[in-house]
Structure formats: C-alpha cells, structure tokens
1. From the list 37, 32, exactly one residue is part of a strand (DSSP E or B), at negative phi, of a type in the set (Val, Ile, Thr) and open to solvent by 20 Å² or more (accessible area, probe 1.4 Å). Which is it?
2. Of the residues 60, 48, 52, 21, which is modelled with pLDDT of 95 or more, within 14 Å of the chain's Cα centre (by Cα) and buried (at least 16 other Cβ atoms within 10 Å of the Cβ)?
3. I'd like the residue in the stretch 160-189 that is basic (Lys, Arg) and surrounded by 12 or more Cβ atoms within 10 Å (Cβ to Cβ) and, out of all such residues, is nearest to residue 6 (Cα to Cα).
4. Determine if the stretch 37-44 includes at least one residue that is in contact (Cβ under 8 Å) with a residue 24 or more places away in the chain and within 12 Å of the chain's Cα centre (by Cα).
5. In the stretch 122-145, which residues are part of a loop (DSSP other than H, G, I, E, B) and hydrophobic (A, V, I, L, M, F, W, C)?
6. Given the conditions (1) touching a Leu at 6+ places or on another chain (Cβ under 9 Å); (2) in contact (Cβ under 8 Å) with a residue 12 or more places away in the chain, which single one is not true for residue 148?
7. Of the conditions (1) modelled with pLDDT of 95 or more; (2) open to solvent by 60 Å² or more (accessible area, probe 1.4 Å), residue 201 clears all except one; give me its number.
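The values are calculated or read from the model by the stated rules, or taken from the named source; none is laboratory data. Computed from a predicted structure; not experimentally measured. Please note: Cβ atoms are built from the backbone with ideal geometry, for glycine as well, and neighbour counts cover all protein chains shown. Calculation scope for accessible area: heavy atoms of the full protein, side chains included, ligands and nucleic acids excluded. Shrake-Rupley method; radii C 1.70, N 1.55, O 1.52, S 1.80 Å.
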Amino acid sequence: MNSKPKIIGITGGISSGKSTIARMLASLGAEVIDADVMCHKLFLKKDIKAKIIERFGKSILDTYDKIDRARLAGIVFQDKTSLDDLCSILHPIVIEQIRSKIGEIENRGRRKAIVIDAALLEESDLSLLCDFVIFVNTGRDHRVCRSTISRHWQIDELERRERFQMSLEDKKKKADYVVDNNFTEENTYRQIKEFWQIYLEKR
C-alpha cells in the first residue's frame, strides 16, 4: 500500500547551503542521509585509517594519532591523483552504506522522501540513486563569504577546491530543480515547499 519514498539528491557549489536545504526538507518530512558524516566516521575505523596512512604517510596524523582532516585536505586538494586515491578508499564504502540506509528507511516506511546530502553527488554517481536532484544556486561572493566564516578558509581556497569538482554549470544542467539561495532563508524555504508540493504531494 505504501509507495517507496522518493530519493532526493542535493548538489551545488561548496558553501552553497546544501545542508540548510537538507534541513528544510527534513522539516517537511524527509529523512536525511549525510554522506559527510559517514566519511568522517570512516576515518576512525582502523582498517580505513590504515589504508589512508599507507597512502599519505604519518604526517596526516595529529598529536592524538588521529587523522587530521585539514592536513589531509591540504594534500589531496593540491593534486587530482591524491584526491582520486582518497575517494577510491572512501567512496565505495560510503555508497554501500547509503544504499543500506536507504533500504532501512524504505523498510520502516512512513517517509515520503529520503535526502542524500553529499558533496560529490554527481562525481561519485550517487545521483544515479536519486529520483530528483536539486541544485542549490548560490552566488560566488555569498559562498566565499560563508566559507571564510564557517570553515575559516582563505579567500582563494573555495575556488582551488572546486577545480577538482564537476563544473557548477554542468551540475545545474543535470538537476531537476534549481533553488535560488541568494536571498533570505524564508525565500529559499518557500521554494523548497514549492518543490515538495510539485514533486511529492501531487504524486
């Protein structure tokens, strides 16, 4: 009797507000799967940690012998091969965990939608799991400002990292729905409610 929940992927540039959009969808009744949180937990698993240290060396460890994500990022965002190597360690496991989580949520029922909040939704082919993809359209100045405040990045860091991702124009073209996140949070929420009504409530 219950139809399967629709799977919504969120894509956009760095610091575009993807997690904010995920929270808005959660407030309407979706369940959010946060791929970033999954990745962070993997750094704590012994076998994964060992593989990362084997590839990048012990210089990525902090004084507590844990992987320092900032140091690791400093290496992988200098060199495409290093980034690809890190992704090849993490992505297959994260994708498997996301598939498993989707199955769990479907079995529980009572959810209209599942949201995948993943920085590399298109690059890791997670978009293939999605019924709909939302692109969060946020101007460069807004994103640079957010990344300097919330992530304490230098001004050029955002563009340096985005060079390793699919172009924003290509991400936008692949999306089913574009949210303009350049104004107030209320304005953005109105668009998300509109998306929900069009794609989920009228089906």
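1. On inspection, the qualifying residue turns out to be 32.
2. Details: 60 fails: within 14 Å of the chain's Cα centre (by Cα); 48 fails: within 14 Å of the chain's Cα centre (by Cα); 52 fails: within 14 Å of the chain's Cα centre (by Cα).
Exactly one of 60, 48, 52, 21 is modelled with pLDDT of 95 or more, within 14 Å of the chain's Cα centre (by Cα) and buried (at least 16 other Cβ atoms within 10 Å of the Cβ), namely 21.
3. At the first step, the residues of the stretch 160-189 found to be basic (Lys, Arg) are 160-161, 163, 171-174.
Next, from what is left, pick out any that are surrounded by 12 or more Cβ atoms within 10 Å (Cβ to Cβ): 160-161, 171-172, 174.
Values: 160: 34, 161: 31, 171: 20, 172: 20, 174: 18 Å.
Among those that are basic (Lys, Arg) and surrounded by 12 or more Cβ atoms within 10 Å (Cβ to Cβ), it is 174.
4. Here is the first cut: in the stretch 37-44, the residues in contact (Cβ under 8 Å) with a residue 24 or more places away in the chain are 38-40, 42-43.
In the following step, the residues that additionally are within 12 Å of the chain's Cα centre (by Cα) were identified as 38-39.
Within the stretch 37-44, one or more residues are in contact (Cβ under 8 Å) with a residue 24 or more places away in the chain and within 12 Å of the chain's Cα centre (by Cα).
5. If we filter the stretch 122-145 for residues that are part of a loop (DSSP other than H, G, I, E, B), which is where we start, we get 122-125, 130-131, 138-139.
Residue satisfying the conditions is 130 alone.
6. If we test residue 148 against (1) touching a Leu at 6+ places or on another chain (Cβ under 9 Å); (2) in contact (Cβ under 8 Å) with a residue 12 or more places away in the chain, just (2) comes out false.
7. (1)
Yes/no per residue for (1) of a type outside the set (D, E, K, R); (2) in contact with a Ser or Thr (Cβ under 9 Å, 6 or more places away or on another chain):
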| position | (1), (2) |
| --- | --- |
| 162 | no, no |
| 165 | yes, no |
| 181 | yes, yes |
| 189 | yes, yes |
| 197 | yes, no |
| 200 | yes, no |
